[in-house]
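Enquirer: One structure is given below, represented as structure tokens, and several questions about it will come after.
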């Protein structure tokens with residue numbers, strides 16, 4: 001399985017201290033994937049996978065209603081939505097009103113009904129082809145990943161910063177095909193215990209191909225030498241003309 005071979009190369013090049021994560025949406029359990037066991041939130045599944053554990057989430061085992069909706073595994077009943085409004089407005093004070101909640105939820109529609117099982121596993125041992133590859137690491141590591149992603153295409157990368165990690169980091173790249181970025185909201189950090197300095201970046205499979213091809217071109221190699229000589233290289237560009 002060729003995607004498994006990507007893991008060590010990416011960890012080394014990006015200087016990651018966690019495992020890249022394969023996330024796959026499926027209709028039925030694939031051979032070799034773990035059976036769903038107990039309640040687990042999406043952010044907890046991501047953390048576990050980054051540490052080497054494979055996790056499967058279904059509608060019955062998703063431990064967070066927000067994650068269940070974001071992954072498209074189900075919808076909350078009316079009474080559940082009211083409890084969520086009360087929780088987000090009065091208790092956690094994430095939003096000022098139900099109108100603000102509604103606006104925040106319109107950024108990306110959840111992939112409702114697309115899958116009944118979502119697999120999270122270390123990329124190095126993923127038995128199913130990933131739909132997205134998730135990276136959890138320090139900003140400097142993820143910045144290198146963004147630069148690799150823009151090597152062929154150029155242009156600007158779009159991301160969705162609002163909302164929980166399950167929506168910004170999983171649903172957004174799955175639905176749009178864009179790279180996902182999550183600053184790891186306080187709920188995810190509290191539930192899963194992410195390191196304070198870590199952020200999350202997720203890359204759809206088709207964009208991963210371009211990143212690997214960029215690495216084949218030597219992008220990012222000899223980085224330390226380039227850093228040491230950067231001031232000299234800037235000087236060699238010459239003076240900037242004033243318009």
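The values are calculated or read from the model by the stated rules, or taken from the named source; none is laboratory data. Quantities reported herein were computed from a predicted structural model and do not represent experimental measurements. Cβ atoms come from the backbone with ideal geometry, glycine included; neighbour counts cover every protein chain shown.
Enquirer: For residue 149, only one of the following conditions fails: (1) buried (at least 18 other Cβ atoms within 10 Å of the Cβ); (2) more than 28 Å from residue 28 (Cβ to Cβ); (3) without any contact (Cβ under 8 Å) to a residue 60 or more places away in the chain. What is its number?
Expert: (3)
Enquirer: With the requirement that a residue be assigned to a helix (DSSP H, G or I) and within 19 Å of residue 174 (Cα to Cα), what does segment 98-119 give you?
Expert: Our first condition is that a residue be assigned to a helix (DSSP H, G or I); within segment 98-119, this holds for 98-104.
Result: 104, single match.
Enquirer: Answer yes or no as to whether residue 4 is touching a helix residue (DSSP H, G or I) at 6+ places or on another chain (Cβ under 6 Å) and either in a strand (DSSP E or B) or closer than 23 Å to residue 197 by Cα (or both). Can you show your working first?
Expert: Numbers: touching a helix residue (DSSP H, G or I) at 6+ places or on another chain (Cβ under 6 Å): yes; either in a strand (DSSP E or B) or closer than 23 Å to residue 197 by Cα (or both): no.
Criteria not met by residue 4.
Enquirer: Further, regarding this structure: Going by the conditions given, is residue 44 farther than 12 Å from residue 110 by Cβ and either free of Cβ contacts under 8 Å to residues at least 40 places away in the same chain or assigned to a helix (DSSP H, G or I) (or both)?
Expert: On the way: farther than 12 Å from residue 110 by Cβ: yes; either free of Cβ contacts under 8 Å to residues at least 40 places away in the same chain or assigned to a helix (DSSP H, G or I) (or both): yes.
Spelling it out, residue 44 is indeed farther than 12 Å from residue 110 by Cβ and either free of Cβ contacts under 8 Å to residues at least 40 places away in the same chain or assigned to a helix (DSSP H, G or I) (or both).
Enquirer: Does residue 115 satisfy being buried (at least 16 other Cβ atoms within 10 Å of the Cβ), in contact with a strand residue (DSSP E or B) (Cβ under 7 Å, 6 or more places away or on another chain), touching a residue at least 40 places away in the same chain (Cβ under 8 Å) and within 16 Å of residue 10 (Cβ to Cβ)? Spell out how you get there, then give the answer.
Expert: Working: buried (at least 16 other Cβ atoms within 10 Å of the Cβ): yes; in contact with a strand residue (DSSP E or B) (Cβ under 7 Å, 6 or more places away or on another chain): yes; touching a residue at least 40 places away in the same chain (Cβ under 8 Å): yes; within 16 Å of residue 10 (Cβ to Cβ): no.
Answer is no for this residue.
Enquirer: Picking from 88, 68, 84, which residue would you name as being in contact with a strand residue (DSSP E or B) (Cβ under 9 Å, 6 or more places away or on another chain), closer than 19 Å to residue 185 by Cα and part of a helix (DSSP H, G or I)?
Expert: Values: 88 fails: in contact with a strand residue (DSSP E or B) (Cβ under 9 Å, 6 or more places away or on another chain); 84 fails: in contact with a strand residue (DSSP E or B) (Cβ under 9 Å, 6 or more places away or on another chain).
Within the list 88, 68, 84, the selection yields 68.
Enquirer: Oh, and also: Would you check if residue 143 is modelled with pLDDT under 95 and either surrounded by 18 or more Cβ atoms within 10 Å (Cβ to Cβ) or within 21 Å of the chain's Cα centre (by Cα) (or both)?
Expert: Values: modelled with pLDDT under 95: yes; either surrounded by 18 or more Cβ atoms within 10 Å (Cβ to Cβ) or within 21 Å of the chain's Cα centre (by Cα) (or both): yes.
Yes: the conditions hold for residue 143.
Enquirer: Next question. Within segment 1-28, how many residues turn out to be out of contact with any strand residue (DSSP E or B) (no Cβ under 6 Å at 6 or more places or on another chain) and either surrounded by fewer than 19 Cβ atoms within 10 Å (Cβ to Cβ) or over 17 Å from residue 127 (Cβ atoms) (or both)?
Expert: Taking segment 1-28 first, the residues out of contact with any strand residue (DSSP E or B) (no Cβ under 6 Å at 6 or more places or on another chain) are 1-15, 17, 27-28.
Still in the running and either surrounded by fewer than 19 Cβ atoms within 10 Å (Cβ to Cβ) or over 17 Å from residue 127 (Cβ atoms) (or both): 1-5, 8-15, 17, 27-28.
Within segment 1-28, residues that are out of contact with any strand residue (DSSP E or B) (no Cβ under 6 Å at 6 or more places or on another chain) and either surrounded by fewer than 19 Cβ atoms within 10 Å (Cβ to Cβ) or over 17 Å from residue 127 (Cβ atoms) (or both) number 16.
Enquirer: Moving to a separate point now. Could you pull out the residue among 52, 72 that is under 17 Å from the mean Cα position of the chain (by Cα), in contact (Cβ under 8 Å) with a residue 24 or more places away in the chain and surrounded by fewer than 19 Cβ atoms within 10 Å (Cβ to Cβ)? Let's see the steps before the verdict.
Expert: On the way: 72 fails: surrounded by fewer than 19 Cβ atoms within 10 Å (Cβ to Cβ).
Criteria check complete, one pass: 52.
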